[in-house]
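Shown next, in structure tokens, is the structure this report addresses.
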Amino acid sequence: MTDESATTALATGRGEPLPRILIVDDHPFFLFGLTAILEEELLARSVACVGTVAEAVEDLRQYPETALVLLDLGLQGEAGLSLFAELEKLGLPVPVVVISSREDETSVRAARSAGAVGFLPKSADRRSLIRMIRKVSQGELFYPSLQTAVVQSDSLTPRQLEVLGLLAEGLPNKRICQVLDLTEHTVKTHLKAIFVHLGVHNRTECVAKARALGLINR
């Protein structure tokens, strides 16, 4: 990542720094440079670094307030994307952005399918890093290299939009059932239809994409 200067940091008029960012990468030189940028630009109040998925899981258990994970796609001896399965087991909805030296479309799509809210190549400059963190901290997706299909809100039913809105508020299925007076089976059916329509695979990605497309505002 180059040292191109940026005119404005996340904390200067565009939002507060994230409380904590965890970097999962096993390249010390890259870790040093990325951590320095995050601190210099006041993008996070605290930055932690680990080198394996197991260490990342343990760190997130201890620090559930972590606001963002920056994950290397290829860790030594293991696949970085395996972290998503571990987060699912733990029930931790922390957003994950993949940062990788591999920039091919297959890698980008694999990250998105796994549930990453963004993808940033390691060749990206400082300005791109700042823009990415601003977007994902606002609940948006960051995939500048992919063409995003336009989704019209009127192609979702009014009931599906209600379910989507409650999902964005963080309500579990049982609570959505109570609010809308629906059976759990009906809620699951609506969620499945919403996921298929938006082309997503989990709740976190669903909410992020819905916000990016303007389907929900909160």
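The values are calculated or read from the model by the stated rules, or taken from the named source; none is laboratory data. It should be emphasised that the depicted structure is a prediction, and the values quoted were computed from it without experimental measurement. In this analysis, Cβ positions are derived from the backbone assuming ideal geometry, glycine residues included, and neighbour counts consider all displayed protein chains. These accessible areas exclude ligands, DNA and RNA; they are computed on the full protein's heavy atoms, side chains included. Shrake-Rupley method; radii C 1.70, N 1.55, O 1.52, S 1.80 Å.
Here is how the numbers come out for the structure above:
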item	result
Subset of segment 166-199 (residues that are in contact (Cβ under 8 Å) with a residue 12 or more places away in the chain and of a type in the set (Asp, Glu))	Glu169
Helices (runs of 4 or more DSSP H) within segment 99-218 that include 2 or more residues exposed (fewer than 15 other Cβ atoms within 10 Å of the Cβ) and either under 16 Å from the mean Cα position of the chain (by Cα) or of a type outside the set (A, V, I, L, M) (or both)	105-114, 158-168, 173-180, 184-198
Hits in segment 140-163 (condition: within 22 Å of Lys192 (Cβ to Cβ) and modelled with pLDDT of 85 or more)	Leu141, Arg159, Gln160, Leu161, Glu162, Val163
Residues of segment 42-76 classified as open to solvent by less than 40 Å² (accessible area, probe 1.4 Å) and modelled with pLDDT under 90, total	6
Answer residue from segment 77-91, given it is surrounded by fewer than 18 Cβ atoms within 10 Å (Cβ to Cβ), modelled with pLDDT under 80 and on the phi < 0 side of the Ramachandran plot and is nearest to the chain's Cα centre (by Cα) among those	Ala79
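Residues are listed down the side, and each one gets a yes or a no for (1) in a helix (DSSP H, G or I); (2) of a type in the set (Val, Ile, Thr):
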site	(1), (2)
Leu34	yes, no
Ala56	yes, no
Asp59	yes, no
Thr66	no, yes
Leu70	no, no
